[in-house]
Amino acid sequence: MSGSAYIPTDEELANLQQLSREYEPEVTGPLVGERQSSTAITTEYANADPVYRVKTAALPSKYSHFRTCRGDGNCGWRAIAFTYFETLIRLGDINKFQDEKTRLQSMNNLISSIGYSEDIYEGFQEECWDLLVALANAIGNGNAAQVLLENFNDMGVSMNIITYFKLLTSAWMQTHSADYMNFLLGQTVKSYCTQTIDPVNSEIDNIGIAALSEALLKPIGFALDVLYLDRSPGEEINVIHFGATENDALSLPYPRPTLRLLYRPGHYDILYKAEDIEVQQPIPSQAPLHVALAAGYTDDFVPMDSSMSDVMTMIPGLYPTGLGQRWPSAPYDYDPIPTPQPQPQVAPVPTYAPPPTAVAPVPTSHQEYATPVPSSHVNHQHHSTHHGIQLQPPVSLSLNHPPPPLTIERGGPFRPSMYELEPGFHSGQQHTLPFQTSIFRNSHYNTAHFLNPDFQPEEWSPDAEYSTSSRSRHKSSSQ
Amino acid sequence: MASNLSNTRTGNVAQRLQKELMDMMLSPSTTLTAFPDDENLTLWTATIEGPTETPYAGLTFKLSMEFAPTYPMTPPVVLFKTPIYHPNIDFSGRICLDILKDKWSAIYNISSVLLSLQSLLGEPNNSSPLNAEAADLWDKDKEEFQRKVLARHKTPEEL
């Protein structure tokens with residue numbers, strides 16, 4: 001400070017003002033905290049103003065847990081980076097970590113194209129690779145979550161990874177400038193990145209979140225929900241979606257694994273729904289998750305394994321190959337004593353905005369099969385599936401909401417019979433099921449057969465006999 | 001924080017600076033030089049040439065750079081050792097440049113800092129001057145500005 005004597009007073013004042021502007025209180029607490037019940041947030045706001053109180057009171061019922069991030073000016077970046085790795089762990093697929101490394105590496109040309117040579121950022125990038133490898137190894141040992149938490153609480157590791165993700169965001173924005181320039185209020189994308197994305201102590205904003213979601217999350221089918229807890233009117237916290245949506249036809253996990261952040265002005269924390277933190281069975285590398293979901297998969301045989309987490313995969317109507325092909329495998333699946341599947345099996349579905357129709361579970365849980373099929377078609381497949389109720393007892397029980405409308409709708413003196421449960425039959429070739437064949441009618445698959453567990457003597461009905469197709473056409477159009 | 005950082009790959013400031021030195025020696029610039037102190041790798045001395053077609057053309061400026069253990073997560077402290085007359089540099093050689101303060105990014109390095117300083121010489125930011133008189137003269141009287149620049153300048157030998 002020997003030179004200070006030369007400084008005119010106003011400059012000194014300017015300096016002081018600058019210093020006070022830059023002052024940030026010493027922040028404490030772990031960089032990323034342990035997961036805890038979100039009732040803590042409600043308690044925190046119990047004495048706050050009514051808007052906050054109402055909004056936070058509703059929080060724990062939807063988002064059971066949360067995790068704090070240290071408010072050091074990078075909490076949003078850190079929260080997204082942390083949950084990105086955490087979601088990879090949740091998928092439980094060891095191969096995915098290598099895939100991600102390969103994918104991110106392929107984005108180096110984006111970074112080069114904005115003028116950074118690899119030796120400037122390779123250190124940051126390698127930190128990310130190291131963590132991916134460490135997590136893949138830790139999944140086998142069952143302690144991946146702990147390894148992740150430890151790494152992110154190392155300031156060096158988490159800052160290196162944040163720096164790399166910032167660079168990725170910056171490169172993405174500058175190579176997709178047309179997508180972002182309209183949001184920058186006249187600032188160029190380049191100067192926005194220099195001023196807002198690149199700096200070490202610059203918190204992520206909405207534009208940054210959108211760009212990082214596009215670059216990092218969307219390509220692997222991850223979605224990001226940010227809940228904004230503010231004084232805006234309303235009883236619930238506003239949610240903004242980023243990243244992959246239900247409509248992205250990606251051959252990727254579905255429902256979209258979702259990262260969730262809670263934003264309070266100036267600060268981000270991590271939120272969880274109850275279903276996000278269910279313990280997942282680690283999937284061994286020789287049987288990765290994506291094999292079962294691969295687009296080319298055909299429905300030759302689906303084992304009725306009770307460990308199968310998603311019963312939806314067993315619904316034959318979901319596959320474009322149609323119900324007919326399902327038949328050869330039916331004997332393997334046949335279970336004379338159907339055990340009702342508990343509802344929580346379909347719990348992941350409500351994570352996403354429930355589509356308006358009754359067939360919601362079908363497209364939501366198996367987008368990759370359902371997308372190519374027009375929605376009306378899906379409808380039929382779904383219903384014909386349901387009407388295989390006697391043939392696929394465990395499956396149909398998990399979907400047992402559709403039948404009541406049908407029964408009620410029919411009215412009349414007749415009890416349900418297989419002839420009335422086939423509204424999809426009219427719709428085309430692929431629905432020519434063996435219901436009418438003599439082999440079927442004489443087999444125990446027919447409820448009229450005494451060996452059928454749902455044995456139901458057939459009643460003769462002239463209507464049913466002669467107007468099956470017109471009746472079902474009427475019914476399906478009325479749905 | 002510093003001890004945490006030094007355990008990690010880029011947190012090791014000595015390693016990082018070693019690497020930067022190597023890079024600069026492999027692709028030397030005609031208008032920039034930078035070398036570490038013989039005994040302390042975190043203290044560097046750099047020089048930049050004044051850009052052509054500016055009042056600083058033909059002049060060489062010596063700078064000191066000091067790297068904290070947290071580099072590159074924190075910017076180096078850079079000072080002009082050669083007396084300089086410039087709107088954004090005070091008479092103690094302190095520099096007002098956003099990328100050396102709150103806009104510092106961990107992907108900057110010694111070369112990018114020196115290049116930024118070089119362009120600052122030719123394009124001062126007159127809206128937030130440290131030297132108000134210089135900012136005023138830059139806009140109003142380039143000749144007087146040039147005269148003051150030369151009057152204040154010292155060659156490295158004179159320092």
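The values are calculated or read from the model by the stated rules, or taken from the named source; none is laboratory data. Source: prediction; values computed, not measured. Quick reminder, even Gly has a Cβ in these numbers, built from the backbone with ideal geometry, and neighbours come from all protein chains shown. Surface areas here come from the heavy atoms of the whole protein model, side chains and all, with no ligands, DNA or RNA. Shrake-Rupley method; radii C 1.70, N 1.55, O 1.52, S 1.80 Å.
Summary of values
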{"read-out": "Which numbered condition A:Thr194 misses (of (1) away from chain B (no Cβ under 14 Å); (2) more than 16 Å from A:Thr83 (Cβ to Cβ); (3) assigned to a helix (DSSP H, G or I); (4) open to solvent by 20 Å² or more (accessible area, probe 1.4 Å))", "value": "(1)"}
{"read-out": "Any hit, the stretch B:126-133, residues being surrounded by fewer than 19 Cβ atoms within 10 Å (Cβ to Cβ), within 13 Å of B:Val78 (Cα to Cα) and within 12 Å of another protein chain (Cβ to nearest Cβ)", "value": "no"}
{"read-out": "Selection within the stretch A:30-77 - among the basic types (Lys, Arg), open to solvent by 40 Å² or more (accessible area, probe 1.4 Å) and either within 14 Å of A:Tyr263 (Cα to Cα) or not assigned by TED's automatic domain parsing to the domain that holds A:Phe165 (or both)", "value": "A:Arg70"}
{"read-out": "One residue from A:Val189, A:Val239 being open to solvent by less than 50 Å² (accessible area, probe 1.4 Å) and either in contact (Cβ under 8 Å) with a residue 12 or more places away in the chain or aromatic (Phe, Trp, Tyr) (or both)", "value": "A:Val189"}
{"read-out": "Among (1) closer than 26 Å to A:Gly73 by Cβ; (2) in contact (Cβ under 8 Å) with a residue 40 or more places away in the chain - the single one B:Trp138 does not satisfy", "value": "(1)"}
{"read-out": "Single match in A:Glu150, A:Glu214, A:Glu203 (criterion: within 13 Å of another protein chain (Cβ to nearest Cβ) and in contact with a strand residue (DSSP E or B) (Cβ under 9 Å, 6 or more places away or on another chain))", "value": "A:Glu203"}
{"read-out": "Some residue of the stretch B:137-151 being within 13 Å of chain A (Cβ to nearest Cβ) and either modelled with pLDDT of 95 or more or crowded, with 19+ Cβ neighbours inside 10 Å (or both)", "value": "no"}
{"read-out": "Matching entry among B:Met73, B:Met65 (being at pLDDT 95 or above and open to solvent by less than 20 Å² (accessible area, probe 1.4 Å))", "value": "B:Met65"}
{"read-out": "Breaking point among (1) small (Gly, Ala, Ser); (2) within 14 Å of chain A (Cβ to nearest Cβ); (3) over 10 Å from the mean Cα position of the chain (by Cα), for B:Gly122", "value": "(2)"}
{"read-out": "Number of the condition not met by A:Tyr228 [criteria: (1) more than 10 Å from the chain's Cα centre (by Cα); (2) over 20 Å from A:Arg70 (Cα atoms)]", "value": "(2)"}
{"read-out": "Helices (runs of 4 or more DSSP H) completely within the stretch A:37-145 that count 3 or more residues being over 23 Å from A:Phe222 (Cα atoms) and within 14 Å of chain B (Cβ to nearest Cβ)", "value": "A:118-141"}
{"read-out": "Some residue of the stretch B:51-73 being within 11 Å of chain A (Cβ to nearest Cβ), over 13 Å from the mean Cα position of the chain (by Cα) and of a type in the set (D, E, K, R)", "value": "no"}
{"read-out": "Test: residue in the stretch A:154-171 that is open to solvent by less than 50 Å² (accessible area, probe 1.4 Å), more than 13 Å from every other protein chain (Cβ to nearest Cβ), in a helix (DSSP H, G or I) and farther than 15 Å from A:Asn74 by Cβ", "value": "no"}
{"read-out": "Which listed residue, of B:Ile107, B:Ile84, is assigned to a loop (DSSP other than H, G, I, E, B), at pLDDT 95 or above and of a type in the set (A, V, I, L, M)", "value": "B:Ile84"}
{"read-out": "Which listed residue is open to solvent by less than 30 Å² (accessible area, probe 1.4 Å) and either farther than 18 Å from B:Thr70 by Cβ or outside the structural domain of A:Thr83 (by TED's automatic domain parsing) (or both), from A:Ala138, A:Ala134", "value": "A:Ala138"}
